[in-house]
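A quick write-up on the structure given underneath.
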Amino acid sequence: MTTVVPTSEEDPALAVVRFTSELAWADAGPEVAERQVSTLCVEAQECIVMNKWLELASLMLTSADLIFSKVSEKDLECIFTVICNLVTKSESPDEELEMAKLISAKITHQPNEKPALRLKIVFNLYNLLGNPYSRFHVYMNALNLALNGKATEHIVPSFRKIDSFLKEWGIGISDQRDLFLTISNVLKENKSSGKESFKFLTKYLATFSGEDAHTMSEAKEEAVRTIVEFVKAPDMFQCDLLDMPAVGQLEKDAKYASVYQLLKIFLTQRLDAYLEFQAANSTSLKSYGLVHEDCITKMRLMSLVDLASDESGQIPYALIRDTLRINDDEVELWVVKAISAKLIDCKMDQMNQVVIVSRCTERVFGQHQWQTLKTKLSTWRGNIASVISTIQANRITEDGSQAMQGLMIR
C-alpha cells in the first residue's frame, strides 16, 4: 500500500487538488489556469473545513481523472491514495458506501487504460473500507475492471478466499448471484480451469432454488450455458444439475427443452441415445459450439461408467464393444482411458474376456445413489458385527477350554 508523507503544512487533499488542477488546466493558458486552479482550491478548502468529504472526493476525482495519462504510475498511485483515504473520514456507513461507489466508479470506467494500476488502486481502496457492504461493492467493481481490462490474472488468486469474504460481507441472494456469475465469467476469460468456472456457475444456479417461476426464468440462459460447458468439458463426468430447479425449468421450455434432453442423455443414458439425439438435432448442437466427435468420445466414457455401475461387477468385452460401438481390439483401450480418467478401478480378465470392476464413479449422486450407499453400509455393518460375534464366541470357547485344562492339571 502506498503511503503519502506530507512535506509541507498544506493538507494532502488540498495539495492533490492543486497539483491535478494545474496539470488539467495547463493547456488553457496561464491566466485561465490560475483562475480555475484558485477556484478549485477554494472549493476544496471549504469542503475540508465543513467536513464535506463526499463533495471533496467528487472535486478531486474530476481533475485526477483528466490527468490519468499525463503523470507517472507512481504519482498516480500517490494521488489516488490521498483520494481513497477520504473514506476513512466518513461519518456513517452510508456516506462511506457513497464515497466508495464514487471513487471506484471513476477508477474503473476506463478499464483498458493501465488496468493493472487501476486494480492496485481499487484494492487499496478496499483495504481502507470498514463497512462490509462497501467492500463488497468495490470488489465487484474490481472484478468487472479485471474482466473488461483483460487483466484477470491479477484478481483470480483472491477467489481462494471467497468463502471467508462471503461471511464477512453478509450479502443477500441477489448480490450473491451477481458475484458468482461475474467470477465465472472472469475464470472463463482467464482460460483457467473449466471446473472452477463451472463450479461458480452451479453456485449461481443454486441460488434460484425455492424461487417463483418468474424469478427462475432469469436463470434460463445461464442454465443452458452451464449444461453446454459440462458437455464440452473433457474432464467432467459428474454433476448434480438435474436436481437444480433452475435447470429443471428447461425440460418443458419451448426453446431449450432439447438442451435439457442432451444433459439427461449424458447423465442417465448411453451412446445410442446420444447418436439418435444428434441425428435429429445436429444443427442445434453446432449452434452451441459442440463438436460431434468430442461428444462421442465423452459419451463412450460415460456409457462405460454406466456399464460399470451394474451390481454384478463384471462387464463382458462384447457388451462394451456393442455399447460403445467400437471394434474388438479397441475394448481394452477404452477401459484404460476410463481408468486414466479415474472413472473406474478394475482388472481386465483377458482369458474370460470380462472386466472386473471394483469401483466406479457415479454420473449423478441423487436419492437413488444415497439409498444404494446406505444399503451397502448396512450390509457392511452387519458383516462386521457378525465377524465380531464370531470372534467373541471363539474367544469364550477358547477361554473355557483353557480353564478346563487347568482343572485337569490340578
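Go through the range 16-41 residue by residue and tally those that are open to solvent by less than 80 Å² (accessible area, probe 1.4 Å) and on the phi < 0 side of the Ramachandran plot.
Total satisfying the criteria: 16.
Name the single residue, out of those in the range 199-255 being among the polar types (S, T, N, Q) and under 25 Å from residue 291 (Cβ atoms), that is least open to solvent (accessible area, probe 1.4 Å).
Top of the filtered list is 226.
Restricting the search to the range 183-197, which residues are touching a residue at least 40 places away in the same chain (Cβ under 8 Å), open to solvent by 20 Å² or more (accessible area, probe 1.4 Å) and of a type outside the set (Gly, Ala, Ser)?
189, 195
Take the residues of the range 315-338 that are without any contact (Cβ under 8 Å) to a residue 24 or more places away in the chain and surrounded by 14 or more Cβ atoms within 10 Å (Cβ to Cβ): which is nearest to residue 278 (Cα to Cα)?
321
Taking the condition more than 22 Å from the chain's Cα centre (by Cα), under 22 Å from residue 185 (Cβ atoms) and either hydrophobic (A, V, I, L, M, F, W, C) or open to solvent by 70 Å² or more (accessible area, probe 1.4 Å) (or both), does residue 312 pass?
The answer is no for residue 312.
Just to be sure before I move on: is residue 68 under 18 Å from residue 20 (Cβ atoms), open to solvent by less than 30 Å² (accessible area, probe 1.4 Å) and modelled with pLDDT of 90 or more in the structure I sent?
Criteria not met by residue 68.
Looking at (1) open to solvent by 60 Å² or more (accessible area, probe 1.4 Å); (2) assigned to a helix (DSSP H, G or I); (3) without any contact (Cβ under 8 Å) to a residue 40 or more places away in the chain, which is the one condition that is false for residue 118?
Tallying (1) open to solvent by 60 Å² or more (accessible area, probe 1.4 Å); (2) assigned to a helix (DSSP H, G or I); (3) without any contact (Cβ under 8 Å) to a residue 40 or more places away in the chain, residue 118 fails exactly one: (1).
Taking the condition of being part of a loop (DSSP other than H, G, I, E, B) and open to solvent by less than 20 Å² (accessible area, probe 1.4 Å), how many residues in the range 121-170 meet it?
Looking only at that region, the number is 4.
Condition (residue is more than 28 Å from residue 149 (Cα to Cα), surrounded by 15 or more Cβ atoms within 10 Å (Cβ to Cβ), free of Cβ contacts under 8 Å to residues at least 40 places away in the same chain and touching an Asp or Glu at 6+ places or on another chain (Cβ under 6 Å)) applied to the range 75-89: is it met by at least one residue?
no
Please state which one of 276, 218, 251 is over 30 Å from residue 360 (Cα atoms) and acidic (Asp, Glu).
On inspection, the qualifying residue turns out to be 218.
Scan the helices (runs of 4 or more DSSP H) fully inside the range 204-283 and keep the ones with 2 or more residues being more than 16 Å from residue 194 (Cβ to Cβ) and free of Cβ contacts under 8 Å to residues at least 24 places away in the same chain.
Answer list for the range 204-283: 213-216, 257-268.
Among the numbered criteria (1) farther than 23 Å from residue 149 by Cβ; (2) open to solvent by 20 Å² or more (accessible area, probe 1.4 Å); (3) touching a Lys or Arg at 6+ places or on another chain (Cβ under 7 Å), which one does residue 55 miss?
Checking residue 55 against (1) farther than 23 Å from residue 149 by Cβ; (2) open to solvent by 20 Å² or more (accessible area, probe 1.4 Å); (3) touching a Lys or Arg at 6+ places or on another chain (Cβ under 7 Å), the one that fails is (3).
The values are calculated or read from the model by the stated rules, or taken from the named source; none is laboratory data. Predicted, not measured: the structure shown is a model, and the values here were computed from it. Here the Cβ is made from the backbone with ideal geometry for all residues, glycine too, and neighbour counts use every protein chain on show. All accessible areas refer to the heavy atoms of the entire protein, side chains included, with ligands and DNA or RNA removed. Shrake-Rupley method; radii C 1.70, N 1.55, O 1.52, S 1.80 Å.
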